[in-house]
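Written below as C-alpha coordinates is the structure these notes are about.
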Amino acid sequence: MLASLWVCLLAAAVPACSGSDGAEPPATPPPTSGAGPASPTPAGGVAGLGSQSSPRSSGSPRRAADWTSVKTWLYQLQGYDGGRLDAIARAPGDLAVVDLARDAKSDLFRADEVKTVRNSGKRVLAYFEIGSIEDFRPEHRPTVDAGLVLNRWDDWPEEHFVRFWEERWWEIAVRPRVDQALRAGFDGVYLDTPLAYEEIDLKLVPGETRESLARRMSDLIVRISGYAKERAPGFGVFPQNSPELRKQPGYTAAVDGIGMEELFFLATDEPCTQSWCTENLAETRALRAAGKLVLAVDYAVDRDNVRTARDRYAAEGFAGCVTVRELDRI
(Lines give C-alpha, C1' and ligand atoms only; values in the text may rest on other atoms or scores of the structure.)
Protein backbone atom coordinates (compact mmCIF):
# COMPACT_ATOMS: atom_id res chain seq x y z
CA MET A 1 0.00 0.00 0.00
CA LEU A 2 1.80 3.00 -1.22
CA ALA A 3 1.41 6.67 -0.66
CA SER A 4 3.15 10.02 -0.67
CA LEU A 5 4.88 12.20 1.87
CA TRP A 6 3.27 13.63 4.95
CA VAL A 7 4.68 15.45 7.88
CA CYS A 8 2.75 14.50 10.97
CA LEU A 9 2.92 16.78 13.94
CA LEU A 10 1.64 16.70 17.46
CA ALA A 11 -1.55 18.72 17.48
CA ALA A 12 -0.45 22.17 18.55
CA ALA A 13 2.56 22.23 16.25
CA VAL A 14 0.97 22.49 12.81
CA PRO A 15 -2.52 22.94 11.35
CA ALA A 16 -2.34 20.45 8.50
CA CYS A 17 -0.09 18.19 6.49
CA SER A 18 -0.32 15.81 3.58
CA GLY A 19 0.53 12.21 3.17
CA SER A 20 -0.54 8.60 3.44
CA ASP A 21 -3.31 6.65 4.97
CA GLY A 22 -0.96 3.72 4.73
CA ALA A 23 -3.77 1.64 3.26
CA GLU A 24 -3.72 2.25 -0.49
CA PRO A 25 -1.73 0.64 -3.26
CA PRO A 26 -1.20 2.84 -6.30
CA ALA A 27 -3.22 2.18 -9.40
CA THR A 28 0.04 0.91 -10.86
CA PRO A 29 3.32 0.28 -9.07
CA PRO A 30 5.63 3.28 -9.10
CA PRO A 31 8.34 3.24 -11.73
CA THR A 32 11.76 1.91 -10.94
CA SER A 33 14.01 4.79 -10.06
CA GLY A 34 17.15 3.23 -11.45
CA ALA A 35 18.97 4.35 -8.32
CA GLY A 36 20.52 0.98 -7.75
CA PRO A 37 20.34 -2.70 -8.68
CA ALA A 38 18.33 -5.21 -6.70
CA SER A 39 20.21 -7.56 -4.44
CA PRO A 40 20.71 -11.08 -5.75
CA THR A 41 18.18 -13.71 -4.78
CA PRO A 42 19.29 -15.44 -1.58
CA ALA A 43 18.98 -19.17 -1.15
CA GLY A 44 15.47 -19.90 0.03
CA GLY A 45 14.52 -16.23 -0.05
CA VAL A 46 13.14 -13.53 -2.34
CA ALA A 47 15.11 -11.28 -4.65
CA GLY A 48 16.40 -8.23 -2.86
CA LEU A 49 15.21 -9.19 0.59
CA GLY A 50 18.08 -10.54 2.56
CA SER A 51 19.27 -14.04 3.36
CA GLN A 52 19.02 -16.91 5.79
CA SER A 53 21.46 -15.16 8.09
CA SER A 54 20.39 -13.31 11.23
CA PRO A 55 21.65 -9.76 10.71
CA ARG A 56 22.27 -7.28 13.44
CA SER A 57 21.22 -3.70 12.93
CA SER A 58 23.86 -1.62 11.17
CA GLY A 59 22.66 1.39 13.15
CA SER A 60 22.09 2.08 16.83
CA PRO A 61 18.35 2.04 17.50
CA ARG A 62 17.17 4.37 20.27
CA ARG A 63 15.97 2.90 23.51
CA ALA A 64 12.39 1.71 23.29
CA ALA A 65 11.39 3.61 26.43
CA ASP A 66 12.00 6.89 24.60
CA TRP A 67 9.51 6.39 21.74
CA THR A 68 6.86 8.59 23.34
CA SER A 69 9.23 11.55 23.01
CA VAL A 70 8.28 11.63 19.32
CA LYS A 71 6.19 14.73 18.63
CA THR A 72 6.48 15.12 14.85
CA TRP A 73 6.66 12.60 12.04
CA LEU A 74 6.55 12.19 8.28
CA TYR A 75 5.55 9.30 6.04
CA GLN A 76 6.53 8.62 2.41
CA LEU A 77 6.17 5.34 0.56
CA GLN A 78 6.70 6.42 -3.06
CA GLY A 79 7.66 9.34 -5.23
CA TYR A 80 10.99 9.94 -3.53
CA ASP A 81 12.65 13.00 -5.02
CA GLY A 82 15.27 11.63 -7.38
CA GLY A 83 14.76 8.22 -5.81
CA ARG A 84 16.57 9.46 -2.71
CA LEU A 85 15.75 10.19 0.92
CA ASP A 86 17.45 13.59 1.02
CA ALA A 87 14.16 15.52 1.17
CA ILE A 88 13.05 13.42 4.13
CA ALA A 89 16.35 14.09 5.86
CA ARG A 90 15.91 17.86 5.33
CA ALA A 91 12.27 17.97 6.43
CA PRO A 92 11.38 18.76 10.03
CA GLY A 93 10.29 15.87 12.21
CA ASP A 94 11.30 13.40 14.87
CA LEU A 95 10.43 10.24 12.95
CA ALA A 96 10.07 9.08 9.34
CA VAL A 97 8.33 6.04 7.87
CA VAL A 98 9.62 4.87 4.49
CA ASP A 99 9.21 1.74 2.39
CA LEU A 100 11.95 -0.86 2.42
CA ALA A 101 12.35 -0.23 -1.32
CA ARG A 102 12.41 3.03 -3.22
CA ASP A 103 10.41 1.43 -6.06
CA ALA A 104 8.13 -0.74 -3.87
CA LYS A 105 9.80 -3.73 -5.46
CA SER A 106 13.40 -4.82 -5.03
CA ASP A 107 15.42 -1.60 -5.25
CA LEU A 108 16.11 -1.52 -1.54
CA PHE A 109 17.20 1.49 0.43
CA ARG A 110 20.79 1.10 1.54
CA ALA A 111 22.21 1.53 5.01
CA ASP A 112 24.03 4.72 4.04
CA GLU A 113 20.74 6.25 2.83
CA VAL A 114 18.92 5.37 6.03
CA LYS A 115 21.87 6.72 8.00
CA THR A 116 21.51 10.07 6.23
CA VAL A 117 17.98 10.38 7.59
CA ARG A 118 19.02 9.24 11.04
CA ASN A 119 21.84 11.76 11.06
CA SER A 120 19.19 14.47 10.71
CA GLY A 121 17.96 13.49 14.18
CA LYS A 122 15.05 11.35 13.02
CA ARG A 123 14.24 7.78 13.80
CA VAL A 124 13.33 5.78 10.72
CA LEU A 125 10.76 2.99 10.49
CA ALA A 126 10.58 0.53 7.59
CA TYR A 127 7.10 0.03 6.17
CA PHE A 128 5.83 -3.34 4.99
CA GLU A 129 2.68 -5.44 5.12
CA ILE A 130 2.20 -8.55 7.19
CA GLY A 131 -1.34 -9.65 6.32
CA SER A 132 -1.57 -9.15 2.57
CA ILE A 133 0.49 -9.07 -0.61
CA GLU A 134 0.42 -6.60 -3.50
CA ASP A 135 0.89 -8.12 -6.92
CA PHE A 136 3.86 -5.85 -7.74
CA ARG A 137 5.96 -6.92 -4.74
CA PRO A 138 8.82 -9.36 -5.38
CA GLU A 139 7.31 -11.79 -2.86
CA HIS A 140 4.04 -12.02 -4.79
CA ARG A 141 4.92 -14.92 -7.10
CA PRO A 142 6.50 -17.07 -4.35
CA THR A 143 3.45 -16.39 -2.18
CA VAL A 144 1.11 -17.52 -4.95
CA ASP A 145 3.24 -20.58 -5.69
CA ALA A 146 3.16 -21.52 -1.99
CA GLY A 147 -0.63 -21.48 -1.97
CA LEU A 148 -0.83 -18.68 0.59
CA VAL A 149 -3.04 -16.25 -1.31
CA LEU A 150 -6.65 -15.83 -0.18
CA ASN A 151 -9.40 -13.40 -1.17
CA ARG A 152 -8.79 -10.14 -2.97
CA TRP A 153 -9.15 -6.95 -0.96
CA ASP A 154 -12.18 -5.41 -2.65
CA ASP A 155 -11.04 -1.84 -2.01
CA TRP A 156 -7.62 -2.45 -3.57
CA PRO A 157 -7.80 -4.84 -6.53
CA GLU A 158 -4.02 -5.31 -6.75
CA GLU A 159 -3.91 -6.81 -3.29
CA HIS A 160 -4.87 -10.12 -1.70
CA PHE A 161 -4.95 -11.27 1.89
CA VAL A 162 -2.70 -14.19 2.76
CA ARG A 163 -2.44 -17.10 5.15
CA PHE A 164 -0.28 -14.93 7.38
CA TRP A 165 0.05 -17.54 10.12
CA GLU A 166 1.78 -20.08 7.89
CA GLU A 167 5.51 -20.69 8.37
CA ARG A 168 5.95 -20.31 4.62
CA TRP A 169 4.72 -16.69 4.83
CA TRP A 170 7.26 -16.03 7.58
CA GLU A 171 10.06 -17.45 5.44
CA ILE A 172 9.00 -15.93 2.12
CA ALA A 173 8.11 -12.40 3.23
CA VAL A 174 8.12 -11.50 6.90
CA ARG A 175 11.51 -12.65 8.13
CA PRO A 176 13.38 -11.40 5.03
CA ARG A 177 11.73 -8.00 5.41
CA VAL A 178 12.66 -7.75 9.09
CA ASP A 179 16.19 -8.88 8.24
CA GLN A 180 16.44 -6.17 5.59
CA ALA A 181 15.21 -3.52 8.02
CA LEU A 182 17.88 -4.61 10.49
CA ARG A 183 20.58 -4.78 7.86
CA ALA A 184 19.79 -1.30 6.55
CA GLY A 185 19.91 0.25 10.02
CA PHE A 186 16.26 1.18 10.48
CA ASP A 187 15.14 2.01 14.01
CA GLY A 188 12.07 -0.17 13.70
CA VAL A 189 9.26 -1.47 11.51
CA TYR A 190 5.82 -0.12 10.62
CA LEU A 191 3.55 -3.12 10.04
CA ASP A 192 0.54 -2.62 7.81
CA THR A 193 -2.59 -4.80 7.39
CA PRO A 194 -3.01 -6.45 10.78
CA LEU A 195 -6.68 -5.95 9.86
CA ALA A 196 -6.34 -8.98 7.57
CA TYR A 197 -7.74 -11.08 10.39
CA GLU A 198 -11.06 -9.23 9.99
CA GLU A 199 -11.12 -9.30 6.17
CA ILE A 200 -10.18 -12.87 5.28
CA ASP A 201 -13.06 -14.85 3.80
CA LEU A 202 -13.71 -17.50 6.43
CA LYS A 203 -15.00 -19.88 3.78
CA LEU A 204 -11.43 -20.10 2.49
CA VAL A 205 -9.98 -21.10 5.87
CA PRO A 206 -12.17 -23.89 7.30
CA GLY A 207 -11.89 -24.22 11.07
CA GLU A 208 -10.79 -20.62 11.59
CA THR A 209 -12.85 -17.92 13.31
CA ARG A 210 -12.36 -14.18 13.72
CA GLU A 211 -11.10 -14.83 17.23
CA SER A 212 -8.65 -17.51 16.14
CA LEU A 213 -7.36 -15.26 13.35
CA ALA A 214 -6.98 -12.38 15.82
CA ARG A 215 -4.83 -14.63 18.01
CA ARG A 216 -2.79 -15.67 15.02
CA MET A 217 -2.21 -12.05 13.97
CA SER A 218 -1.16 -11.08 17.48
CA ASP A 219 1.18 -14.07 17.58
CA LEU A 220 2.79 -12.93 14.34
CA ILE A 221 3.37 -9.42 15.67
CA VAL A 222 4.79 -10.82 18.91
CA ARG A 223 7.08 -13.08 16.89
CA ILE A 224 8.31 -10.18 14.76
CA SER A 225 9.02 -8.16 17.90
CA GLY A 226 10.92 -10.94 19.62
CA TYR A 227 12.96 -11.78 16.53
CA ALA A 228 13.94 -8.16 15.86
CA LYS A 229 14.59 -7.09 19.44
CA GLU A 230 16.81 -10.11 20.05
CA ARG A 231 19.03 -8.83 17.27
CA ALA A 232 18.70 -5.10 17.98
CA PRO A 233 17.48 -4.19 21.47
CA GLY A 234 15.34 -1.07 21.32
CA PHE A 235 14.14 -1.85 17.79
CA GLY A 236 10.64 -0.39 17.44
CA VAL A 237 7.54 -2.33 16.42
CA PHE A 238 4.52 -0.31 15.22
CA PRO A 239 1.46 -2.09 13.80
CA GLN A 240 -1.07 0.03 11.92
CA ASN A 241 -4.74 -0.06 13.03
CA SER A 242 -6.56 -2.93 14.80
CA PRO A 243 -5.88 -1.55 18.30
CA GLU A 244 -8.21 -4.18 19.79
CA LEU A 245 -5.39 -6.70 19.35
CA ARG A 246 -4.03 -5.26 22.59
CA LYS A 247 -6.33 -7.74 24.34
CA GLN A 248 -4.42 -10.68 22.90
CA PRO A 249 -1.73 -12.27 25.08
CA GLY A 250 1.67 -10.64 24.70
CA TYR A 251 0.63 -8.02 22.15
CA THR A 252 0.87 -4.85 24.25
CA ALA A 253 4.25 -5.79 25.68
CA ALA A 254 5.56 -6.56 22.20
CA VAL A 255 4.71 -3.24 20.52
CA ASP A 256 6.18 0.22 21.02
CA GLY A 257 3.24 2.07 19.56
CA ILE A 258 0.54 2.03 16.92
CA GLY A 259 -0.41 3.90 13.76
CA MET A 260 -4.12 4.83 13.70
CA GLU A 261 -6.18 6.11 10.78
CA GLU A 262 -9.43 8.07 10.86
CA LEU A 263 -9.99 8.39 14.57
CA PHE A 264 -11.81 11.70 14.11
CA PHE A 265 -12.35 12.32 10.37
CA LEU A 266 -12.90 9.93 7.48
CA ALA A 267 -11.82 10.84 3.98
CA THR A 268 -12.63 13.56 3.45
CA ASP A 269 -13.99 15.91 6.12
CA GLU A 270 -16.53 13.35 7.30
CA PRO A 271 -16.74 13.23 11.09
CA CYS A 272 -16.03 9.72 12.32
CA THR A 273 -19.24 8.99 14.21
CA GLN A 274 -19.75 5.29 13.50
CA SER A 275 -19.68 2.89 16.41
CA TRP A 276 -16.33 1.51 15.29
CA CYS A 277 -14.85 5.02 15.55
CA THR A 278 -15.75 5.12 19.24
CA GLU A 279 -14.40 1.62 19.75
CA ASN A 280 -11.12 2.41 17.98
CA LEU A 281 -10.62 5.54 20.06
CA ALA A 282 -11.21 3.68 23.30
CA GLU A 283 -8.73 0.95 22.37
CA THR A 284 -6.17 3.53 21.20
CA ARG A 285 -6.52 5.44 24.46
CA ALA A 286 -5.80 2.23 26.33
CA LEU A 287 -2.58 1.73 24.38
CA ARG A 288 -1.57 5.34 25.02
CA ALA A 289 -2.27 4.85 28.73
CA ALA A 290 0.00 1.80 28.59
CA GLY A 291 2.84 4.10 27.51
CA LYS A 292 2.71 3.46 23.77
CA LEU A 293 3.29 6.09 21.08
CA VAL A 294 0.19 6.80 18.98
CA LEU A 295 0.72 8.03 15.41
CA ALA A 296 -2.71 9.26 14.28
CA VAL A 297 -3.87 10.49 10.88
CA ASP A 298 -7.19 11.98 9.78
CA TYR A 299 -8.39 13.19 6.37
CA ALA A 300 -9.71 16.73 6.27
CA VAL A 301 -9.14 20.00 4.44
CA ASP A 302 -11.80 22.21 6.03
CA ARG A 303 -10.01 24.57 8.39
CA ASP A 304 -12.44 24.01 11.23
CA ASN A 305 -12.09 20.25 10.92
CA VAL A 306 -8.31 20.54 10.79
CA ARG A 307 -8.35 22.58 13.99
CA THR A 308 -10.73 20.12 15.62
CA ALA A 309 -8.50 17.16 14.81
CA ARG A 310 -5.42 19.07 15.95
CA ASP A 311 -7.07 19.93 19.25
CA ARG A 312 -8.15 16.35 19.76
CA TYR A 313 -4.60 15.12 19.25
CA ALA A 314 -3.37 17.55 21.88
CA ALA A 315 -6.06 16.50 24.33
CA GLU A 316 -5.38 12.80 23.77
CA GLY A 317 -1.59 13.02 23.79
CA PHE A 318 -1.29 11.60 20.27
CA ALA A 319 1.24 12.55 17.62
CA GLY A 320 -1.18 13.47 14.84
CA CYS A 321 -1.51 14.44 11.22
CA VAL A 322 -4.38 15.99 9.25
CA THR A 323 -3.96 15.28 5.56
CA VAL A 324 -5.69 14.70 2.22
CA ARG A 325 -6.66 11.38 0.71
CA GLU A 326 -4.64 12.05 -2.46
CA LEU A 327 -1.50 11.70 -0.36
CA ASP A 328 0.55 13.64 -2.86
CA ARG A 329 2.01 16.77 -1.25
CA ILE A 330 3.83 17.92 1.84
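The values are calculated or read from the model by the stated rules, or taken from the named source; none is laboratory data. In this text, all values refer to a predicted model and were calculated from it rather than measured experimentally. All Cβ positions, even for glycine, are placed from backbone atoms using ideal geometry, and neighbour counts span all protein chains on display. Just so you know, the surface numbers come from the protein's heavy atoms only, side chains and all, with ligands and any DNA or RNA stripped out. Shrake-Rupley method; radii C 1.70, N 1.55, O 1.52, S 1.80 Å.
Of the residues SER120, SER106, ranked by 1.4 Å probe accessible area with the largest first, the sequence reads SER120, SER106.
Each 10 Å bin from 0 upward holds the following percent of the Cα-Cα pairs of segment 150-213: 18, 44, 30, 8, 0. Treating each Cα of segment 235-302 as an identical point scatterer and ignoring solvent, apply the Debye formula and state log10 I(q)/I(0) at q = 0.14, 0.17, 0.19 Å⁻¹. Debye intensities relative to I(0), on a log10 scale: -0.41, -0.58, -0.70. Proximity of backbone amide H atoms, modeled 1.01 Å from N, is registered between VAL322 and LEU9, CYS17, ASP298 at under 5 Å, excluding neighbours fewer than 5 places apart on the same chain.
Modelled this way, with points 7 Å down the Cα-to-C-beta line, the labels at ALA111 and LYS203 are 5.0 nm from one another. Provide the net charge surrounding THR308, with neighbours chosen by a C-beta distance below 12 Å and charges set as Lys +1, Arg +1, Asp -1, Glu -1. In short, -1.
Remark: segment 109-264 is approximated by an ellipsoid whose semi-axes, taken from the C-alpha gyration tensor as √(5λ), come to 26, 18, 15 Å, largest first. Taking 0.36 nm per residue of sequence separation and removing the Cα-Cα distance, the ASP145/CYS277 pair yields an extension gain of 43.7 nm. Plugging the Kirkwood radius over Cα pairs into Stokes-Einstein for segment 213-330, at a temperature of 4 °C and a viscosity of 1.567 mPa s, what D comes out in µm²/s? Translational diffusion coefficient: 86 µm²/s. Sorting TRP165, TRP67 by solvent-accessible area of protein heavy atoms yields TRP165, TRP67, largest first, with a 1.4 Å probe.
Computed over Cα pairs, the Kirkwood radius of segment 57-173 leads via Stokes-Einstein (1.306 mPa s, 10 °C) to a diffusion coefficient of 100 µm² per second.
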